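Here the structure is laid out as structure tokens; the discussion comes afterwards.
The values are calculated or read from the model by the stated rules, or taken from the named source; none is laboratory data. Note that the coordinates shown come from a computational prediction; the quantities given were computed from them, not determined experimentally. Cβ coordinates were reconstructed from backbone atoms using ideal geometry, including for glycine residues, and neighbour counts include every protein chain displayed.
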Amino acid sequence: MDDQRPDLRPFLQPQSIAILGASKNISKPNGIPLFMLLDIGFPGKIYPVNPSYREIAGYPCYSDIESIPGEVDLAVIGVSAAQTLNVLEACARKGVKGAVVFTSGFAEAGEQGTDLQEAIHRLSQESGMRIVGPNCVGIVHRQNKVWASFAPPLLYRKAYFDKNFHFISQSGFFGILTYQMAAREGLFFDQFYSVGNEADLGLPHFLDYLAKETHATSDLIACYIEGIKEKDGELFKSAAEEALLRDKLLAVIKVGQTEAGTRAASSHTAALTGADRVYDAFFRQKRMIRAPGIEQLVPLLKISGTGRYPAGKRTAVISDSGGGAVMLADKCQLYGLDLVRFQEETERQLKEILPFFAATGNPVDLTAQVMTEPDLLFKSISIVEKDPHVDNLVLNFGIGPANAPAVIQSLKELYLNSDKPMIAVCWPWVEEEAARPYIDEIRAFGLPVFHELDDCIWALGTLAHRMEKARAYEPPRRIAPGKEQREARLHLEAYWRSLQSCRQLEPRPASGQSGKINMSEYIMKQILSCYGIPVTKEVLVHSEAGAARAADTLGGNLAVKAVSREIAHKTEIGGVLLHRKGSEEVKQAYAELVKTIGALDNPPPLEGILVQEMLPPATELIIGVKRDPVFGPVVLCGLGGIFVEILEDIALRVAPLSRQDAEEMLQELKSFKVFQGARGQEPADLEAVVEILLRVSRLALEMDNLVELDMNPLMVYPRGQGAVVVDAWGRWLGSNNEEA
């Protein structure tokens with residue numbers, strides 16, 4: 001069975017639907033599907049199943065699924081948790097292709113429920129019957145007239161936008177709440193998937209399907225995400241990429257932004273790559289819009305529902321209130337929109353029609369004069385809309401019985417004869433309910449109307465930013481593994497053999513994590529070198545005489561370091577001695593380090609002492625890798641040195657990285673201006689850093705047993721002079737399936 005890309009036709013295009021536990025009561029969850037299927041005109045066969053009835057709504061009611069005479073594509077199950085497994089087993093015997101399980105009381109309810117849910121998963125795997133749920137609201141496909149859901153019957157009210165919206169939710173209640181809030185604004189989801197506990201099929205499966213629908217290239221797909229399961233990570237990644245390449249707008253509400261539990265502190269990278277940070281980085285990387293909540297998602301739907309996407313961030317504000325104009329100007333700048341300077345001709349024309357005390361720059365303040373001359377709104381918008389410097393228009397005005405006819409007719413004419421995105425912040429001059437007919441008339445010709453400032457300006461600004469980034473998107477380039485991987489694996493295998501020969505693999509697991517082996521600086525630098533990543537010149541020695549010879553070979557100012565796979569931060573235990581010159585000083589440093597490490601409580605085994613060149617001062621960066629259980633290798637870049645975890649000036653991307661990804665990582669850093677050259681400093685060699693990031697990304701993908709990598713510091717020199725790794729540390733899974 002293809003778990004990654006299953007056949008979803010039984011859910012989306014069923015020829016027959018059985019409702020198990022069907023009820024005559026339309027207000028009950030197991031009563032809604034039957035009556036909604038009848039109401040919307042489902043063209044296939046409908047089979048109610050409930051031993052308590054002989055018929056429901058004129059349809060014969062069967063005692064069990066196996067009594068149905070014909071084939072069943074989709075079963076909708078609303079029986080108790082205790083009955084669910086038996087009912088699903090009967091469905092499998094019947095040859096049902098897909099099942100939607102409303103019932104709760106599974107993994108969300110404790111150990112017993114978890115066992116039941118695992119049994120459902122096994123049944124799906126063994127029988128080939130695909131399952132949505134349990135603990136879900138179900139599926140609605142408006143175009144195909146499928147209603148396998150107990151969502152409230154709101155879907156078929158009048159929609160103000162023809163554009164298709166789709167929604168996938170891991171929460172049932174939150175899914176319905178979003179559904180209802182969108183419906184209240186005249187927005188209806190063409191396809192709605194509540195996936196619940198995801199015992200079998202989950203959010204990534206339906207996202208993958210929606211991303212590949214070729215007839216819906218510009219649709220908006222919205223998701224409510226609590227977390228993607230490890231087994232579905234690759235599918236989620238590829239679906240997001242597919243949606244982007246097919247020009248589909250993908251917006252997500254992702255909950256769980258705070259870190260719970262302890263943070264892994266064995267390396268800087270582990271401490272800084274929290275789960276939500278990885279999600280957030282991936283969303284940005286794949287040009288997905290992350291909405292803080294429903295309040296922001298609904299305005300985003302309304303603006304994108306017009307089909308008018310911002311060509312840029314240059315925005316004009318036209319307001320009938322000076323205070324409103326200033327407030328909107330502030331919001332525009334806060335949310336990334338540029339209040340553009342009008343052409344001289346635009347300002348000249350505005351001055352001709354507006355009173356002398358009006359503001360004709362941007363924002364435009366029409367003043368209270370618009371109350372006695374309503375056509376000032378029409379004339380002003382007409383002038384500003386024609387300005388080639390303006391990409392978007394934000395309109396702010398009040399409406400009531402006195403001005404509604406003129407305002408509505410003017411706006412309709414303006415809007416329908418323009419292709420620029422416009423939004424209206426409309427303030428009722430009467431009771432809200434009394435003003436609703438006016439608002440509905442404006443919505444009817446497609447202009448998005450809002451009653452507040454923050455959320456609609458956030459939506460417009462976010463959409464403008466997303467479109468700008470999507471237009472410039474550069475997919476990562478895949479490179480087939482070559483000699484770099486072969487050479488790195490040879491170094492790795494030789495290292496493991498040396499550890500086994502001196503019995504260093506058995507004594508203790510790495511930081512309590514069974515199956516993972518810490519890797520010392522020396523071996524990590526050898527592996528980095530295989531991928532063309534510059535590292536310091538150095539020699540690993542095992543005696544004072546060897547240290548003296550290394551000093552003579554390297555010459556100059558030297559660092560002497562203790563090397564052990566169990567020492568992640570050498571400075572914290574006195575494992576680094578700096579500024580040693582000549583063979584005698586280096587010999588003494590060797591002896592001093594051996595003594596220092598040996599005096600520790602439970603001293604770590606030494607692999608040797610590293611004699612290393614000391615580099616001149618430079619800008620310090622950290623580059624790291626952490627293997628995320630959902631997204632795989634995640635590459636980190638940030639301000640390096642000893643303060644990395646304190647300042648947390650970092651950027652993340654999921655491998656593979658494109659050159660654009662690497663450049664954006666650097667640009668995201670708060671310290672980016674330092675690297676560009678601040679206070680007379682020369683600009684850092686950012687091109688060298690970009691190249692290292694790309695090589696680290698490739699290494700992380702090809703060395704699939706790499707769990708964690710820290711390169712800190714990476715010394716970055718002025719433009720054209722390169723960058724060099726001074727220290728590195730890693731963690732790997734055991735070789736040849738052998739675990740530490």
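The residue that is surrounded by the fewest Cβ atoms within 10 Å (Cβ to Cβ), among those in region 365-397 that are at pLDDT 95 or above and part of a loop (DSSP other than H, G, I, E, B), is Pro388. The single condition among (1) free of Cβ contacts under 8 Å to residues at least 40 places away in the same chain; (2) touching a strand residue (DSSP E or B) at 6+ places or on another chain (Cβ under 8 Å); (3) within 18 Å of Gly138 (Cβ to Cβ) that Gly98 does not satisfy is (1). As for region 53-69, it holds at least one residue that is part of a helix (DSSP H, G or I), of a type outside the set (Lys, Arg) and surrounded by fewer than 21 Cβ atoms within 10 Å (Cβ to Cβ).
Residues are listed down the side, and each one gets a yes or a no for (1) under 30 Å from Glu663 (Cβ atoms); (2) of a type in the set (Gly, Ala, Ser); (3) out of contact with any strand residue (DSSP E or B) (no Cβ under 6 Å at 6 or more places or on another chain); (4) assigned by TED's automatic domain parsing to the domain that holds Val394:
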| site | (1), (2), (3), (4) |
| --- | --- |
| Trp458 | yes, no, yes, yes |
| Arg466 | yes, no, no, yes |
| Glu493 | no, no, yes, no |
| Ser498 | no, yes, yes, no |
| Ser501 | no, yes, yes, no |
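Checked across region 536-543, the condition of being surrounded by 14 or more Cβ atoms within 10 Å (Cβ to Cβ), closer than 22 Å to Leu693 by Cβ, more than 32 Å from the chain's Cα centre (by Cα) and modelled with pLDDT of 80 or more holds for at least one residue. Restricting attention to region 421-439, the residues that are surrounded by fewer than 17 Cβ atoms within 10 Å (Cβ to Cβ), within 37 Å of the chain's Cα centre (by Cα) and modelled with pLDDT of 90 or more total 0. The residues of region 706-728 that are assigned to a loop (DSSP other than H, G, I, E, B) and within 13 Å of Leu528 (Cβ to Cβ), listed by number, are Val726, Asp727. The residues of region 688-705 that are among the hydrophobic types (A, V, I, L, M, F, W, C) and not in a helix (DSSP H, G or I) amount to a single one, Met703. Looking across region 374-421 at every residue that is in contact (Cβ under 8 Å) with a residue 60 or more places away in the chain and hydrophobic (A, V, I, L, M, F, W, C), the one that is nearest to Cys456 (Cα to Cα) is identified as Val394.
Being touching a strand residue (DSSP E or B) at 6+ places or on another chain (Cβ under 8 Å) and assigned by TED's automatic domain parsing to the domain that holds Ala548 holds for only one residue in Ala651, Ala688, Ala655, Ala589, and it is Ala589.
Here Gly323 clears all of (1) at pLDDT 95 or above; (2) over 20 Å from the mean Cα position of the chain (by Cα) except the condition numbered (1). Assess whether Gly400 counts as being surrounded by 15 or more Cβ atoms within 10 Å (Cβ to Cβ) and more than 42 Å from the chain's Cα centre (by Cα). Judged against the criteria, Gly400 is a match. A count restricted to region 643-671 and to residues that are over 27 Å from Leu733 (Cα atoms) and hydrophobic (A, V, I, L, M, F, W, C) stands at 6. Looking across region 618-661, the residues that are among the β-branched types (Val, Ile, Thr) and part of a loop (DSSP other than H, G, I, E, B) come down to Val630, Ile642. Select from region 709-740 the residues that are surrounded by fewer than 24 Cβ atoms within 10 Å (Cβ to Cβ) and over 27 Å from Ala678 (Cβ atoms) and write down the one among them that is modelled with the highest pLDDT. Restricting to residues being surrounded by fewer than 24 Cβ atoms within 10 Å (Cβ to Cβ) and over 27 Å from Ala678 (Cβ atoms), the top hit is Leu733.
If you take the residues of region 85-110 that are over 14 Å from Asn197 (Cα atoms) and not aliphatic (A, V, I, L, M), which of them is nearest to the chain's Cα centre (by Cα)? Lay out the reasoning, then the answer.
First pass over region 85-110, keeping only residues over 14 Å from Asn197 (Cα atoms): 85-98.
Adding the requirement that they be not aliphatic (A, V, I, L, M) leaves 86, 89, 91, 93-95, 97-98.
Numbers: Asn86: 38, Glu89: 37, Cys91: 36, Arg93: 40, Lys94: 40, Gly95: 37, Lys97: 32, Gly98: 29 Å.
Looking at the filtered set, the residue picked out is Gly98.
Checking His121 against (1) free of Cβ contacts under 8 Å to residues at least 60 places away in the same chain; (2) within 29 Å of the chain's Cα centre (by Cα); (3) in the same structural domain as Pro43 (by TED's automatic domain parsing), which test does it fail? All conditions pass for His121, except number (1). Here region 576-617 is the region considered, the condition is being of a type in the set (Gly, Ala, Ser) and either touching a His at 6+ places or on another chain (Cβ under 9 Å) or in a loop (DSSP other than H, G, I, E, B) (or both), and the residue that is surrounded by the most Cβ atoms within 10 Å (Cβ to Cβ) is Gly608.
Before we move on, is Pro48 crowded, with 16+ Cβ neighbours inside 10 Å, outside any helix (DSSP H, G or I) and at pLDDT 95 or above?
yes
Just one of the listed residues (Leu177, Leu201) is among the hydrophobic types (A, V, I, L, M, F, W, C), over 18 Å from the mean Cα position of the chain (by Cα) and in a loop (DSSP other than H, G, I, E, B), namely Leu201. Answer yes or no: is there a residue in region 330-351 that is within 19 Å of the chain's Cα centre (by Cα) and over 16 Å from Asp387 (Cα atoms). Checked against the condition, which is being within 19 Å of the chain's Cα centre (by Cα) and over 16 Å from Asp387 (Cα atoms), region 330-351 yields no hits at all. Evaluated against (1) surrounded by fewer than 20 Cβ atoms within 10 Å (Cβ to Cβ); (2) not assigned by TED's automatic domain parsing to the domain that holds Asp276, Gly293 falls short on exactly one condition, (2).
Evaluation of Arg627 against the conditions (1) free of Cβ contacts under 8 Å to residues at least 40 places away in the same chain; (2) surrounded by 15 or more Cβ atoms within 10 Å (Cβ to Cβ); (3) of a type in the set (Lys, Arg) shows that the sole unmet condition is (1).
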